[in-house]
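Take a look at the structure below.
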Amino acid sequence: LERQNLLDSFNKGVEPKPFEYRRFSADNNYHWVRLVLRMFKDVESNDVYVFAYGFDIDKEVHDRQALMLGAQTDIFTGLYNKATTEELIGEEVGKGAGIMILLDIDDFKNVNDRFGHEAGDCVLKYFSDLLLNIFRKSDIVGRVGGDEFMIYIKDTADISIAKGKASEILKALKTGVDYENIRIIVTSSIGIAVIDEKNYSFSEAYNQADSALYEAKFNGKNAYVIYKNNAECSAQ
């Protein structure tokens, strides 16, 4: 909206593009507005005039955001769905420091078989809410399969953080999940890959975390494993 920018665009015959912005009120609430500019020159004075038209698009923007959120979200758990999780983590992995975590619920099929699918749904919802409470809002938390989850902790390669988060998950599960006067005890296996350099690919990080997850399963489940060099793992 700078004067010279508008004049330069006008002289080039370029119509200013509409843009959207949030207009804040005195109580710090905001309203979405689309601003459309129209320019013309007075043939007698050669003055250039700009008319700005403001349109209320608050409902349109919120409807658009709701649609986008619905397309990105696993409807049942409220976490990111598989496609969005992998896309968002893929964008972060190549930046450098980060921690990828793969985890699932051990023997989840047995929960469905023994207590029924509604009980299984209750466990999944509890587990999803647990992850949301443990990790930061800035972290990427997604459901990538029936009882499989993927998490990416941004901007750190601190192994102690990975250990702390994994231990918190395993400790929280020990109290069990209440379902219709039944307490269902479940455990989780967790594989962790620490990214400490740039130019990692998503597949490299995923394969390392998956290898660590396999090691956790192989060693008896209910544990986390941090991937190190090649097939070397550290189990807890």
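Computed values, structure above
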{"read-out": "Within segment 112-124, tally of residues that are among the polar types (S, T, N, Q) and open to solvent by less than 20 Å² (accessible area, probe 1.4 Å)", "value": "0"}
{"read-out": "Which listed residue is in contact with a helix residue (DSSP H, G or I) (Cβ under 7 Å, 6 or more places away or on another chain), part of a helix (DSSP H, G or I) and surrounded by fewer than 22 Cβ atoms within 10 Å (Cβ to Cβ), from E215, E168", "value": "E168"}
{"read-out": "Pair list, Cβ < 6 Å and 6+ apart or interchain, from segment 113-139 residues that are under 17 Å from N81 (Cα atoms) to residues that are in a loop (DSSP other than H, G, I, E, B) and open to solvent by less than 70 Å² (accessible area, probe 1.4 Å)", "value": "S128/T77; S128/L79"}
{"read-out": "Long-range neighbours under 9 Å by Cβ, at least six apart or interchain, first residue among the polar types (S, T, N, Q) within segment 9-28, second part of a strand (DSSP E or B) and open to solvent by 70 Å² or more (accessible area, probe 1.4 Å)", "value": "S25/H31"}
{"read-out": "Some residue of segment 4-11 being closer than 30 Å to V61 by Cα, open to solvent by 60 Å² or more (accessible area, probe 1.4 Å) and not β-branched (V, I, T)", "value": "yes"}
{"read-out": "Odd one out for N207, checked against (1) within 30 Å of F115 (Cβ to Cβ); (2) out of contact with any strand residue (DSSP E or B) (no Cβ under 7 Å at 6 or more places or on another chain)", "value": "(1)"}
{"read-out": "Subset of segment 12-54 that is surrounded by 13 or more Cβ atoms within 10 Å (Cβ to Cβ) and among the hydrophobic types (A, V, I, L, M, F, W, C) - its residue that is farthest from the chain's Cα centre (by Cα)", "value": "V48"}
{"read-out": "Test result for G191, closer than 15 Å to D104 by Cα and surrounded by fewer than 16 Cβ atoms within 10 Å (Cβ to Cβ)", "value": "no"}
{"read-out": "Residues within segment 125-153 that are surrounded by fewer than 22 Cβ atoms within 10 Å (Cβ to Cβ), more than 13 Å from the chain's Cα centre (by Cα) and among the hydrophobic types (A, V, I, L, M, F, W, C), tallied", "value": "2"}
{"read-out": "For T77: the one exception among (1) open to solvent by less than 50 Å² (accessible area, probe 1.4 Å); (2) assigned to a loop (DSSP other than H, G, I, E, B); (3) over 30 Å from Y206 (Cα atoms)", "value": "(3)"}
{"read-out": "Given (1) touching a residue at least 12 places away in the same chain (Cβ under 8 Å); (2) of a type outside the set (D, E, K, R); (3) open to solvent by 40 Å² or more (accessible area, probe 1.4 Å), number of the condition A83 does not satisfy", "value": "(1)"}
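The values are calculated or read from the model by the stated rules, or taken from the named source; none is laboratory data. Just so you know, these numbers come straight off a predicted model, no measurement behind them. Neighbour counts run over all protein chains shown; Cβ positions are idealised from the backbone, glycine included. Accessible surface areas use protein heavy atoms only, side chains included; no ligands, DNA or RNA. Shrake-Rupley method; radii C 1.70, N 1.55, O 1.52, S 1.80 Å.
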